[in-house]
Amino acid sequence: MNEKVKEVFSLIEAEKKRQSETIELIASENFVSQDVLSAVGSCLTNKYAEGLPGKRYYGGCEQVDRMEDLCRDLWRQVFRTDYHVNVQPHSGSQANLAAYCAVMDVGDTLLAMSLNDGGHLTHGSPVNQSGKLYRSVFYGTDENGYIDMEDVRRKALEYHPKVILAGASAYPRIIDFDAFRAIADEAGAYFMVDMAHIAGLVAAGCHPSPFAAGADIITTTTHKTLRGPRGGLIFAKEELGKKIDSAVFPRTQGGPLEHVIAGKAVAAAEALDPSFKIYAERIVENCAAMADEFLSMGYDLVTGGTDNHLMLLDLTRQDVTGIQLQTALDACHITLNKNCVPHETRSPQVASGVRIGTAAMTTKGFDPDRFRRTARLIDRAVRALREGTFESAECAKIADEVRRLL
Ligand SMILES: *Cc1c(COP(=O)(O)O)cnc(C)c1O
């Protein structure tokens, strides 16, 4: 191994150590199985396979054809659906771009949740290509932090969007897909769902299914609550299938990552195991317990609680910023991210809250008691930050407690 290669592997080892010594609360992260790692680290990375199974532009695709077909079948089983599925998107962002390309022309209108209220950059934000290609209109949350369905309906009828998009990166409550479907029908729009965050809960029946609501297009990542490799999937009603496929390739991607598709197939097989349903139920149970602990200590949570795998801690009353808490907790091996809160007065780089998710540590076996104790450690950090004693007195002690919990 040459020196530079050694350097790469020593960085990977160091990251492995960081991951094992950290309470990981980033709501979009998880820990995949050894089988997923093996598939993604396999020889399939060597193979070019532009096109779809049976219709490739390269020879030698017999095995990857069978594998990609298997992957597609497994994902349809996971969501108990006969929708068309494309398993090639390299990421959630790629899946969304292809989905838009399939049904929208440049200049068409997209109605989606605003970034500040919990939406995603790829949902028409001006700094993302989706906001440059399409005219985006945003709906938001009401004063309690819930999606304002009246706002959705009003804007749908006023702006005549081609696509109405439901889905979020920072929303702690159940999304009413049926209500969105009804508005899309009334407005004559396609109804698209980006279930990137909650897909694992949908698979396990812990969140209403966008398939049951009859969404036209459903995109997801595979690496959040689904606990697969980094990647994306697109599901669509059969009549949109061809448009979706050509939007992925050749319009927005080249050769599919067959090694990642193999990892997605493994993740789908794991999601079909009865143990996955128990896993997803525990994510939600753990999240409820942790939220309850914060509430009992007097903290504000956006919407006052959570129905899913994440919560938004509003630190406005504590007068501690999101970035302050994120940085302080990093120093004691608790990882989370700052997040805007409704009626945010600070910039997104500072933010008045943090987002906390339970999917990753539930994989590591954390139970409600450990999540409650983690909440109390976060509270200690918040109080020490207010009193100016974080570095001198508390940081090392919290880090010790983190080690004990792990
Ligand atoms: C994470 C996320 C994405 C993007 O996924 P990437 O794989 O990071 O591109 C898209 N939409 C939503 C709602 C997300 O939370």
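Partner aspartates and glutamates whose Cα lies under 14 Å from the Cα of Lys243, excluding those fewer than 8 positions away in the same chain, are identified as Asp105, Asp216.
If you count, for each residue, the other Cβ atoms within 10 Å and average over each peptide, how do 299-307, 160-168, 272-280 line up from highest to lowest?
Working: 299-307: 19.8, 160-168: 25.4, 272-280: 14.6.
My ranking of the peptides, most packed first, is 160-168, 299-307, 272-280.
For a straight C-alpha distance cut-off of 20 angstrom, the aspartates and glutamates reachable from Lys4 (same-chain residues fewer than eight places away being disregarded) are Glu13, Glu15. Based on Cα atoms of the chain, Rg over Rh with Rh as the Kirkwood radius reads 0.98. Estimated from the Cβ-Cβ distance and a Förster radius of 41 angstrom, the FRET efficiency linking Arg251 and Gln19 is about 0.70. All distinct Cα pairs of the range 189-243 go into the 1/r average, and the inverse of that average, the Kirkwood radius, is 11.5 Å.
Using a cut-off of 11 Å between beta-carbons, work out the net charge of the residues near Gly357 (Lys and Arg +1, Asp and Glu -1, Gly357 not included).
Details: positive: Lys224, Arg355; negative: Glu24, Glu29.
Value of the local net charge: 0.
With all projection directions averaged, the alpha carbon convex hull of the range 166-287 covers 8.2 nm².
Highest mean packing comes first when the peptides 58-64, 86-92, 38-44 are listed by Cβ atoms within 10 Å, giving 86-92, 38-44, 58-64.
What shape does the range 251-308 take by its C-alpha gyration tensor, where a ≥ b ≥ c are the square roots of the eigenvalues and a/c under 1.5 counts as rounded, a/b above b/c as prolate, and the rest as oblate? Spell out each step's value before the answer.
On the way: a/c = 4.97, a/b = 2.05, b/c = 2.43.
Since a/c reaches 1.5 but b/c is at least a/b, the shape of the range 251-308 is classed as oblate.
How large is the Rg to Rh ratio of the range 34-271 when both quantities use alpha carbon positions and Rh follows Kirkwood? Show your work: numbers first, answer last.
Working: Rg = 17.4 Å, Rh = 17.9 Å.
Radius of gyration relative to Kirkwood radius: 0.97.
Computed from backbone phi, the HN-Hα couplings of the range 179-190 come to 5, 5, 4, 5, 5, 4, 5, 4, 8, x, 10, 5 Hz, rounded to whole numbers (Karplus: 6.51 cos²θ - 1.76 cosθ + 1.60, θ = phi - 60°; Gly and Pro given as x). Give me the Debye-computed log₁₀ of I(q)/I(0) at q = 0.11, 0.12, 0.20, 0.23 Å⁻¹ for the range 92-196, equal point scatterers on Cα only, no solvent, two decimals. Per q value, in the given order, log10 I(q)/I(0) is -0.27, -0.33, -0.98, -1.33. Tally the DSSP beta bridges in the chain and give the antiparallel ones as a percent, rounded to 5. The antiparallel fraction comes to roughly 55 percent.
For the range 282-290, backbone phi angles converted through the Karplus equation (6.51, -1.76, 1.60; θ = phi - 60°) give residue-by-residue couplings of 5, 3, 5, 4, 5, 5, 4, 5, 5 Hz, Gly and Pro being listed as x. Tell me, how many Å apart are the Cα centres for the range 16-66 and for the range 336-405? After rounding, the separation between the Cα centres reads 32 Å.
Close amide H pairs (under 5 Å, H built 1.01 Å from N) link Asp194 with Ala166, Gly167, Thr219, residues at least 5 positions away or on another chain.
By average Cβ neighbour count within 10 Å, what is the ranking of 235-247, 99-111, 392-404, 210-222 from highest down? Display every interim value, and only then the final one.
Working: 235-247: 18.6, 99-111: 20.2, 392-404: 14.5, 210-222: 25.3.
For the peptides 235-247, 99-111, 392-404, 210-222, the packing ranking is 210-222, 99-111, 235-247, 392-404.
Annotation: aspartates and glutamates with alpha-carbon distance below 14 angstrom to Lys397 (same-chain offsets under eight excluded): Asp330, Asp379.
Values in this text are rule-based calculations from the coordinates and carry no lab data. This structure is a prediction, so every number in the text was calculated from the model and none was measured. No Cβ is skipped: glycine too gets one built from the backbone with ideal geometry, and neighbour counts run over all protein chains shown.
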